[in-house]
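First up is the structure itself, then whatever we jot down about it.
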Amino acid sequence: MKITVHPGGSLLPHPQILPAVRNGQIQMGEVLMSLLANENPLFNLDSIPFVAMSYEGAQRLYQAQRPEVERWLAQRGVVFLYAVPWPPQGLYTKKPVQSAQDLQGIRFRAYNPATARLAELLGMTPVQVEAADIPQAFATGIVEAMITSPVTGVDSQAWDFARYFYDVKAWIPKNMGVIGRRAFESLSPQDREALLQAAKRAEKRGWRLSQEQEEKALKTLESRGMQVVKPSPQLLADLKKVGGTMIVEWQRQAGATGVKVYRQYLGRMSLLFRLAELLAALMGLFVLLVILAQVVERFLGFVVPSALELAGYATAGLIFLGLAPTLRAGGHIRVGLLLERLPPGPRRAVEAGALLLGLLASLFAAYHAWAKAAESYRYGDLAPGLLPLPLWLPQGFLALGLSFFALGLLEAFLKAARRER
């Protein structure tokens, strides 16, 4: 069996590769999965901002996606072979960007439905540009910014037309290799097995090389004069807000199968954090209702018993139950003055050490909070005020919030220990 490679769109334009495999015009091909988003939203999940920001997350997402991807392709006469990731996507600009406000009105290179929607939500104008045409598009003013991988930046010599690379690690898209069913079935059983085994080896090698090439490409961009910088907290928050909007929209489009895949990717741990998020939101709603009741009581002449105490307890519950979801969203204030000046190895070690200290402190606090709540329950302690509220109830919400926070810190520590970003 002989495979002739035609790289860089030399045989067919990128969007035409999969249709050509389907109709037998070519036997095999490799295509960006998210290009099929208009046919099936499932293919777009790996291009939704901040769904998967690390290779570990991207691998889990791939394992959740793969069975449905294989099934969908098989129904259309295509055999799935492998998938390999691009490095995490970063933002290239000509001018410094501190927030989404600085991006409004500029022309933005889009290469799939997700990047086009991202541009719209950020107030930019999306322009479809293939990777091979990036330098010319920037030189002629067709586009002024783009989000793509460090490797694509090196391949297109981004230092000739952009000054800044913001390492936002927004998502990790994948290419997939496929073969037409008729071409596959025309092979002998031995050749089919050899092809599938070669695909497994190629996939494993591709995931490893992607990580290696990311580090190499970042160094190349910097050595060529580009400023490779971390995004500002405001820019990161703005991008994550857009990502939140896009994943909600995606779930509406994806249907039951897509949502099932997404939930499988999130896992049980994420469901616990969603529960903490929901409880925190309910606490905030309760505080609002107490305030509204106090406003109404002035006009109707009734009294809300222990309103101040109830609002205080709910506020404490909101704060502590919101700790873990805020940690996972990257919303806590961090002082990175030291970390940003350390090389990657020591930086990850220091960050893991800080997370371990935080984990131990949160476990200590959670243990004593639960002990205090148990003691109040055992002795029947009541809150002072007109309403005899059992003290173990607000104390329990505080302890529960600390427990969720400890789980969040444990998750972050394990990722740091595995050197996942």
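Descriptive notes on the structure:
- Length available on full extension from Ser232 to Glu249: 0.36 nm per residue minus the Cα-Cα distance, which gives 3.5 nm.
- Sulfur and carbon atoms: percent of accessible area, the range 100-142 [1.4 Å]: 51 percent
- Shown in residue order for the range 11-22 are the 3J(HN,Hα) couplings computed by the Karplus curve 6.51 cos²θ - 1.76 cosθ + 1.60 at θ = phi - 60°: 9, 9, x, 3, x, 8, 5, 5, x, 5, 5, 4 Hz (x for Gly and Pro).
- J(HN,Hα) series, the range 85-101, from Karplus relation 6.51 cos²θ - 1.76 cosθ + 1.60, nearest Hz, glycine and proline x: x, 6, x, x, 7, x, 9, 9, 9, 7, 10, x, 10, 10, 7, 5, 4
- Cα long-axis angle, helix 307-321 against the chain (0 to 90 degrees, to the nearest 10): 30 degrees
- FRET efficiency estimate (nearest 0.05) - Cβ-Cβ, Arg205 to Arg274, R0 41 angstrom: 0.70
- Stretched out straight at 0.36 nm per residue, the stretch from Asn175 to Ile319 would grow longer than its current Cα-Cα span by 47.7 nm.
- Taking amide hydrogens as placed 1.01 Å from N in the peptide plane, the amide H of Gln157 sits under 5 Å from that of no residue at least 5 positions away in sequence or on another chain.
- ³J(HN,Hα) computed for each position of the range 156-161 - Karplus, 6.51 cos²θ - 1.76 cosθ + 1.60, integer Hz, glycine/proline x: 8, 6, 4, 5, 7, 9
- Global size of the range 189-318 as Cα Rg and Dmax, reported in angstrom: 26.1, 87
- The residues of the chain expose, per residue, 53 Å² of accessible area to a 1.4 Å probe.
- Highest-fluctuation residue, Ser54, Ser306, Ser149 considered, GNM on the chain with Cα pairs under 10 Å: Ser306
- Here's the picture: charge each Lys and Arg Cβ at +1 and each Asp and Glu Cβ at -1 in the chain, and of Leu235, Thr220, Tyr166 the one pushed furthest to the positive end of that dipole is Thr220.
- When each of the peptides 374-382, 105-113 is scored by the mean number of other C-beta atoms lying within 10 Å of its residues, the order from highest to lowest reads 105-113, 374-382.
- Gln75-Leu266 FRET efficiency (beta carbon distance; Förster radius 30 Å; 0.05 resolution): 0.70
- Carbon/sulfur fraction of accessible area - the range 218-322, other protein chains in place, 1.4 Å, %: 64 percent
- Taking the charge dipole of the chain about its Cα centre, with +1 at Lys and Arg Cβ atoms and -1 at Asp and Glu Cβ atoms, the residue from Ala194, Pro390, Gly312 reaching farthest to the positive side is Ala194.
- Calculated on alpha-carbon atoms, Rg and Dmax of the range 42-170 in Å: 15.9, 47
- On Cα atoms only, tilt of 233-300 relative to the major axis of the chain in degrees: 20 degrees
- Considering only Gly90, Met176, Ile106, the residue lying farthest towards the positive end of the dipole of the chain is Met176, judged by Cα position with unit charges set on Cβ.
- The listed peptides 85-92, 27-34, 125-132, 292-299, ordered by packing as a protection proxy, come out as 85-92, 27-34, 125-132, 292-299 (highest mean of other Cβ atoms within 10 Å first).
- Solvent-accessible area of the range 1-97 (1.4 angstrom probe, protein heavy atoms only): carbon and sulfur portion equals 53 percent.
- Its DSSP H runs of at least 4 residues, each contributing -39,500 (n - 2.57), put the calculated 222 nm mean residue ellipticity of the chain at -19500 deg cm²/dmol, to the nearest 500.
- Stretch gain in nm, segment Glu39-Leu338, where the contour uses 0.36 nm per residue and the Cα spacing is subtracted: 103.0 nm
- Nonlocal amide H pairs with Tyr82, under 5 Å, H built at 1.01 Å: Gly177
- Of [x] 13; [y] 32; [z] 25, the label for percent of Cα pairs over 39 Å apart derived from the coordinates: [y]
- Peptides 136-145, 249-258, 313-322 ordered by average Cβ neighbours within 10 Å, highest first: 313-322, 136-145, 249-258
The values are calculated or read from the model by the stated rules, or taken from the named source; none is laboratory data. Not measured: the values here are computed from a predicted model. Note: ideal-geometry Cβ built from the backbone for every residue, glycine included; neighbour counts use all protein chains shown. Heavy atoms of the whole protein, side chains included, go into the accessibility calculation; ligands, DNA and RNA do not. Shrake-Rupley method; radii C 1.70, N 1.55, O 1.52, S 1.80 Å.
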